[in-house]
Amino acid sequence: MKRSQEKAYKRNRLSKKSTDEPKKINIKPSGDDFMDQCMETAEKLWVDLKKRIRETPEFVDVSDEDKLKIYQNNEFKDFYTSYPIVCRYAICMGQYSGKAFKRFLQKFKIMQNKTRAASKETKMDEWIKCQASYIKFLYQAYSRKSHSEREAQMVWQQAYNTLKQEFADFEKMHKDVEERLKKEEKYNKVEIVKEMTKRIANEEQSLSQTSTTQLVERLKIQVMKQRWKNMISQVKSDVEKIQPVCIGRGKVAVSG
């Protein structure tokens, strides 16, 4: 009797749960739900990768860059953007551990809470440390009990140093590109004005009264700047530099 009552109770609970819950829950994943979703996507990527290798063995000989491009542009592109180190180790080195990834996600969550009000530089450094931690966790997962904590920490330190240098190089390259684009933009503007002036002079192109006035004003400013530069250069070259002459201890006079 008791067993039949328990079964009836479970049936009622299940039926009530199915009727009470909405058919579609449209909320942004967070906490454990978000972690579960990340774990599920990582497993799907890992299964897809192994299937790809089985079905197309030549994939193994493809360059790392081309391998990454496949997953940067398919259904896993958002996951790759969020977790590039996890994906790179799986795709290029054939190494992935669900246990290591879960430890990484837990550490990443703690890091986010800790650096919520931190500076941009601090957040970036902590992010790099988290990526290095995943490499350490992966090393521990693959070496199982044969590793020592000292060895694992050495792996972390090497990964951290490498990633920090990579990001420093990337930042420098980004700044160099920005500077080059600014210079090119400035140069292109000057060339456009020259070309437009030439076309107008040759009656190949006409401008409205407003545009003509603006162009004349720009040319006036450009001429004044050039004259100023020429004058400064001429002063520097024509005016003789007066050399100081020492006439006694602690006293200086000038010639002329």
> Which one of these does residue 110 not meet: (1) more than 20 Å from residue 81 (Cβ to Cβ); (2) outside the structural domain of residue 161 (by TED's automatic domain parsing)?
Replying inline: (2)
> Given the conditions (1) under 22 Å from residue 38 (Cβ atoms); (2) at pLDDT below 95, which single one is not true for residue 101?
Replying inline: (2)
>> Being touching a Pro at 6+ places or on another chain (Cβ under 9 Å) and not small (Gly, Ala, Ser) is true for just one of 131, 140. Which residue is that?
In response: 131
> Which one of these is under 21 Å from residue 165 (Cα atoms), among the aromatic types (Phe, Trp, Tyr) and not assigned by TED's automatic domain parsing to the domain that holds residue 42: 89, 134?
Replying inline: 134
>> Pairs needed: first member in region 72-86, outside the structural domain of residue 38 (by TED's automatic domain parsing) and under 15 Å from residue 37 (Cα atoms); second member anywhere, surrounded by 15 or more Cβ atoms within 10 Å (Cβ to Cβ) and modelled with pLDDT under 90; C-beta distance under 7 Å; at least 6 residues apart or different chains.
In response: none
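The values are calculated or read from the model by the stated rules, or taken from the named source; none is laboratory data. All of these numbers come straight from a predicted model, not from anything done at the bench. So basically every Cβ, Gly included, is an ideal-geometry build from the backbone, and we count neighbours across all protein chains shown.
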